[in-house]
Amino acid sequence: MERKRQRLVISLSALCLAVAVMSGALLPPRASAAGGVGRKRRWAGFDYYVLALQWPGTVCRQTSHCCSSNGCCRSHPLKFFTIHGLWPQYSYGGWPSCCRPTTFDGNKISRLKTILEEYWPSLYCGSFSTCFGGKRPFWVHEVAIKTHGTCGYPEIQDEYDYFSTALYLYSKYNVTKAMRKAHIYPRGGRKYLVSHIVSAIEFSFGAMPSIVCKNGSVQELRLCFHKDYQPRDCIVEGENSVRRNHCPRYVTLPSYKPHAFGNSTEGISNQVNVEHQSYE
C-alpha cells in the first residue's frame, strides 16, 4: 500500500496531463535507498540515469516517408524537446543490457498514453529489435526490452514506474524552457555556441548536460541524474569534460515541415546509431 501511495497521480484528462507535465505538477518518484542495501541483484548495479531528449527538427528532417506512429508526421511540427528514453548507466562508461525477460503490460500505462504520445513520441517508423527476439513498438523497446526499464530494477519496479519517473524528470527539468530563458530559439538557420547551450542548462539545473549532434545540428541533449533523481554532471569517470559527440563549435536547432503519410521503415537504423553514441 505504501508503494502505491508513493506512485505518481496523473489525471485521466488529456488537458490536465499536459498541464501537469509542463508546469511541474507531477509528484516526485520514490528515491532509491542507498546502493547495495539488501539483497544484491545482478541487474541493479547501475550508478546513475541518463534522460535522453531528442530535438525533433534534426531527426524529422531526415524523414522522407511517413507512417501513423511517426511523430514527425503530425500536422503541426514539434517545437520542443521530446523524450527518447531514461537509461541506467555505469559511472565508468557503458550501461547494463538485456537484464531480464519480461512481458510488456500496456494496461499499466493506460492513464499515461495521451501524455506519452504528446511528449514521448517515436520519431521513426516500424518496430525495434529486442534482446530476446522479435521486434516491438518504440515504448516497449524503451521499458521492457534491451537496456532500459528492466535494467533499472529494483529502483524502477514496472512500466508505470519507468514512464512516470521519466515524465516527472522531463517536467521538472524542462530543457526547452531553460533554453528559451537563455534566448536560444529554433529560428531558421541561426547558430548557437555549444558552450552557450551547455551553460544555459547548467545554470538552470546545476549540472552539465551531454550533447549529440548530427550535420551541425543538435540531435540529442542528455541530462544525468543520481539514483535519488538529483542532477549530476554528465561526465564519465576518467574524463575531464562533458561529451559533445560530433558537435562543431556552433550548432543549429532546425525546424522541419511535416510530411504526408506513407509506408516506410526509414529512420530505424538512424535510431539505433544514435542510441549507441556516448551513453546508449
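The values are calculated or read from the model by the stated rules, or taken from the named source; none is laboratory data. A quick note: this is a predicted structure, and the numbers were derived from the prediction, not measured. In this analysis, Cβ positions are derived from the backbone assuming ideal geometry, glycine residues included, and neighbour counts consider all displayed protein chains. Each accessible area value is taken on the protein alone, full model and side chains, heavy atoms only, with ligands, DNA and RNA left out. Shrake-Rupley method; radii C 1.70, N 1.55, O 1.52, S 1.80 Å.
Name the residues in the range 48-64 that are outside any loop (DSSP other than H, G, I, E, B) and at pLDDT 90 or above, would you?
Within the range 48-64, Tyr48, Tyr49, Val50, Leu51, Ala52, Leu53, Gln54, Pro56, Gly57, Thr58 meet the criteria.
Would you confirm, using the coordinates I've provided, whether Ile235 is touching a residue at least 24 places away in the same chain (Cβ under 8 Å), buried (at least 20 other Cβ atoms within 10 Å of the Cβ) and not acidic (Asp, Glu)?
On the way: touching a residue at least 24 places away in the same chain (Cβ under 8 Å): yes; buried (at least 20 other Cβ atoms within 10 Å of the Cβ): no; not acidic (Asp, Glu): yes.
Judged against the criteria, Ile235 is not a match.
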Practice item. Out of the residues in the range 65-120 that are out of contact with any helix residue (DSSP H, G or I) (no Cβ under 6 Å at 6 or more places or on another chain), among the hydrophobic types (A, V, I, L, M, F, W, C) and assigned to a helix (DSSP H, G or I), state the one that is modelled with the lowest pLDDT. Key: Cys73
Review point. Does Gly45 satisfy the criteria of being surrounded by fewer than 16 Cβ atoms within 10 Å (Cβ to Cβ), at pLDDT 75 or above and within 25 Å of Tyr153 (Cα to Cα)?
Key: yes
Check your understanding: For the range 110-124, which residues satisfy the criterion of being surrounded by 15 or more Cβ atoms within 10 Å (Cβ to Cβ) and more than 28 Å from Thr63 (Cα to Cα)?
Key -> Arg111
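Kindly establish whether Gly133 is touching a strand residue (DSSP E or B) at 6+ places or on another chain (Cβ under 7 Å) and either open to solvent by 40 Å² or more (accessible area, probe 1.4 Å) or modelled with pLDDT of 75 or more (or both).
Working: touching a strand residue (DSSP E or B) at 6+ places or on another chain (Cβ under 7 Å): no; either open to solvent by 40 Å² or more (accessible area, probe 1.4 Å) or modelled with pLDDT of 75 or more (or both): yes.
In short, no.
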Review point. Out of the residues in the range 148-199 that are within 17 Å of Cys213 (Cα to Cα) and aliphatic (A, V, I, L, M), which is most open to solvent (accessible area, probe 1.4 Å)?
Key: Leu193
**Study point:** Lone unmet requirement of (1) open to solvent by less than 10 Å² (accessible area, probe 1.4 Å); (2) outside any strand (DSSP E or B); (3) touching a Cys at 6+ places or on another chain (Cβ under 8 Å) for Arg222
**Key:** (2)
**Study point:** Condition check for Ser241: open to solvent by less than 10 Å² (accessible area, probe 1.4 Å) and either more than 16 Å from Gln54 (Cβ to Cβ) or at pLDDT below 95 (or both)
**Key:** no
